[in-house]
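A short write-up of the structure that comes next.
Bear in mind that the values in this text are calculations on the coordinates, not laboratory data. Treat the numbers as computed from the prediction; the structure is a model and nothing was measured. Positions of Cβ are backbone-derived with ideal geometry, glycine not excepted, and every protein chain shown enters the neighbour counts.
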Amino acid sequence: MTHIVKSESKAKNITLWILQAFVALAFLGAGFAKLSGQATMVETFNQIGVGQWFRYLTGSIEVLAAIMLLIPRVIPIGAILLVCTMAGAVLTHLLIIGGTPVPPIVLLILAAVIIWGRKQMLLSLIKKQR
C-alpha cells in the first residue's frame with residue numbers, strides 16, 4: 001500500500017510540475033505582451049479606462065507570479081496571485097470590455113488546481129508565519 005501511495009504522490013508531483021511550467025509559460029507570454037506594449041494590449045487597457053499604468057502593473061504581476069510557479073518555496077503564492085489576477089480579468093471581460101471570458105476562466109482554473117495540488121506547501125507557509 002505504501003508503494004502505491006508513493007507512486008501516486010510522485011505522479012501527482014510530476015503532473016503539477018508540468019502544469020506549473022505550462023501556466024508559467026502562458027503568463028510569461030501574456031505578461032511580456034503587456035510590458036512590451038503590444039498594440040492589442042494597449043488597446044485593451046485603453047478600453048478598461050484606468051490608464052496604461054494598470055497594464056504595467058498587471059504584466060508585472062503576471063511575470064512575477066509565473067516565475068514564482070517555478071520556485072518551490074513560493075509556488076502557492078504565485079498561483080494565488082494568478083487566481084486573483086484572472087478573477088479580475090474575468091470580471092473585466094464581463095463588466096467592462098466584453099469579449100469572451102473563457103481564456104481567463106481556464107487560466108484561473110489551472111492556477112486553482114495548482115493551489116489545490118500544492119496545499120501542503122501553502123499550509124506549511126502559513127504555519128511558518130504564525
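Some notes on this structure:
- Within region 92-130, the residues that satisfy the criterion of being under 16 Å from the mean Cα position of the chain (by Cα), surrounded by 15 or more Cβ atoms within 10 Å (Cβ to Cβ), over 17 Å from residue 66 (Cβ atoms) and free of Cβ contacts under 8 Å to residues at least 40 places away in the same chain are 101, 105.
- Candidates 59, 37 - the one that is small (Gly, Ala, Ser) and either within 26 Å of residue 19 (Cα to Cα) or in contact with a Cys (Cβ under 7 Å, 6 or more places away or on another chain) (or both): 59
- Residues satisfying the stated conditions in region 10-35, i.e. without any contact (Cβ under 8 Å) to a residue 40 or more places away in the chain and closer than 20 Å to residue 104 by Cβ: 28, 29, 30, 31, 32, 33, 34, 35
- Answer residue from region 40-63, given it is of a type in the set (A, V, I, L, M) and free of Cβ contacts under 8 Å to residues at least 24 places away in the same chain and is surrounded by the most Cβ atoms within 10 Å (Cβ to Cβ) among those: 41
- Helices (runs of 4 or more DSSP H) enclosed by region 1-83 - at least 3 residues per element that are more than 30 Å from residue 98 (Cα to Cα): 2-35
- Residues within region 101-130 that are in contact with a helix residue (DSSP H, G or I) (Cβ under 7 Å, 6 or more places away or on another chain) and either in a helix (DSSP H, G or I) or polar (S, T, N, Q) (or both), tallied: 14
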